[in-house]
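Working notes, beginning with the structure itself.
The values are calculated or read from the model by the stated rules, or taken from the named source; none is laboratory data. What you see is a predicted model; the values in this text were computed from it and never measured. Cβ atoms come from the backbone with ideal geometry, glycine included; neighbour counts cover every protein chain shown.
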Amino acid sequence: SQELEQSPQSLIVQEGKNLTINCTSSKTLYGLYWYKQKYGEGLIFLMMLQKGGEEKSHEKITAKLDEKKQQSSLHITASQPSHAGIYLCGARKYLTSSGGSNYKLTFGKGTLLTVNP
Amino acid sequence: DTEVTQTPKHLVMGMTNKKSLKCEQHMGHRAMYWYKQKAKKPPELMFVYSYEKLSINESVPSRFSPECPNSSLLNLHLHALQPEDSALYLCASSQGNARGSEAFFGQGTRLTVV
C-alpha cells in the first residue's frame, strides 16, 4: 500500500522562524498534495505537485517535489501563529478495478506545527 | 470558488437512529468522496463516486450507505451505528478521480454515537 512518512511528527517554532516538513513515499508518486488542518475541522488545500522538480508557492509556504527520491518538502518562511495546525501530505495510489482506473488519495500521519508568539 | 459544504456540522445520534450526512459542491466536479477521521489520525477513505457511480468502497460496513443523487450532491446514510463510529466525517470533491486532480474538502461533520 502507499506509505507516506512525514517528519517531524511535531514541531514547535518561535514566530518568525523558518521551518521544513518532509514527506517521503515508499511507492511511486502520482502527484503529491499538501493540506493544512485545524483540529476538528476540514482540510484546507495548499497545493498539488505533479512533476519532478516542481516547486509551488502559496503566500509564505513553498513546496517542492523530488520525484526520484519520492519525497516532497514543505517550507514555511517567517512563520506566524496563523500557520499553526496539522500539515498533511497526500498521494494518489493507483487501483485497478472493473470500472477502469481509479486513484485512492491517502495521507501521511501529519505534522503538528505550533508557532509561539 | 473551491467550496465543499457539509451539513450538519455536528450530529449526536443514538445507536437505533437513522440519520444522513449531506455534502454539496458547485465546482462541476465529477468525483466525490467520503472520508472518516478519528482523533489524531489521518483521514481514511470510505467511498468514491465517479460520474455519480460508486467506484470505490473500502470495505465499509453496511450501516454506512452512500448515495449520489446528482453530480453536485453526496449523502451518507447512517443506521444502527456503534459508538466506535464516532468521528469526523469529511466529504471531498475533485474534477475527476485521476492523478492530476486537485481535491477539496468540506469542513466535516462531527458525529457522536451514544
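Filtering A:Glu67, A:Glu59 for residues that are away from chain B (no Cβ under 14 Å), more than 30 Å from B:Ser86 (Cα to Cα) and modelled with pLDDT under 95 leaves a single hit, A:Glu59. When each of A:Gly42, A:Gly85 is tested for being out of contact with any helix residue (DSSP H, G or I) (no Cβ under 9 Å at 6 or more places or on another chain), at positive phi and of a type outside the set (Lys, Arg), the lone residue that passes is A:Gly85. Looking across the range B:1-17 at every residue that is within 11 Å of chain A (Cβ to nearest Cβ) and polar (S, T, N, Q), the one that is surrounded by the most Cβ atoms within 10 Å (Cβ to Cβ) is identified as B:Gln6. On the stretch given as the range A:104-117, residues that are more than 10 Å from chain B (Cβ to nearest Cβ) and modelled with pLDDT of 95 or more total 5. Taken over the range A:1-50, the criterion of being assigned to a loop (DSSP other than H, G, I, E, B) and either within 18 Å of B:Tyr35 (Cα to Cα) or facing chain B (nearest Cβ under 10 Å) (or both) is satisfied by A:Ser1, A:Gln2, A:Glu3, A:Leu29, A:Tyr30, A:Gly31, A:Lys38, A:Tyr39, A:Gly40, A:Glu41, A:Gly42, A:Gln50. Which of the residues belonging to the range A:52-74 are touching a strand residue (DSSP E or B) at 6+ places or on another chain (Cβ under 7 Å), closer than 19 Å to A:Lys93 by Cα and not in a strand (DSSP E or B)? A:Gly52, A:Gln70, listed by residue number. B:Arg30 meets all of the listed conditions (1) farther than 24 Å from B:Gly14 by Cβ; (2) surrounded by fewer than 15 Cβ atoms within 10 Å (Cβ to Cβ); (3) over 14 Å from the mean Cα position of the chain (by Cα) but one, namely (2). Of the residues in the range A:84-103, not one is part of a strand (DSSP E or B), surrounded by fewer than 19 Cβ atoms within 10 Å (Cβ to Cβ) and away from chain B (no Cβ under 13 Å).
Of the set (1) surrounded by fewer than 16 Cβ atoms within 10 Å (Cβ to Cβ); (2) within 20 Å of B:Ser94 (Cβ to Cβ), all apply to A:Ser26 but (2). Once the range B:61-71 is narrowed to residues that are farther than 17 Å from B:Thr109 by Cα and crowded, with 17+ Cβ neighbours inside 10 Å, the residue that is nearest to the other protein chains (Cβ to nearest Cβ) is B:Cys68.
Within the range B:18-60, how many residues are free of Cβ contacts under 8 Å to residues at least 12 places away in the same chain and more than 9 Å from chain A (Cβ to nearest Cβ)? Result for the range B:18-60: 2.
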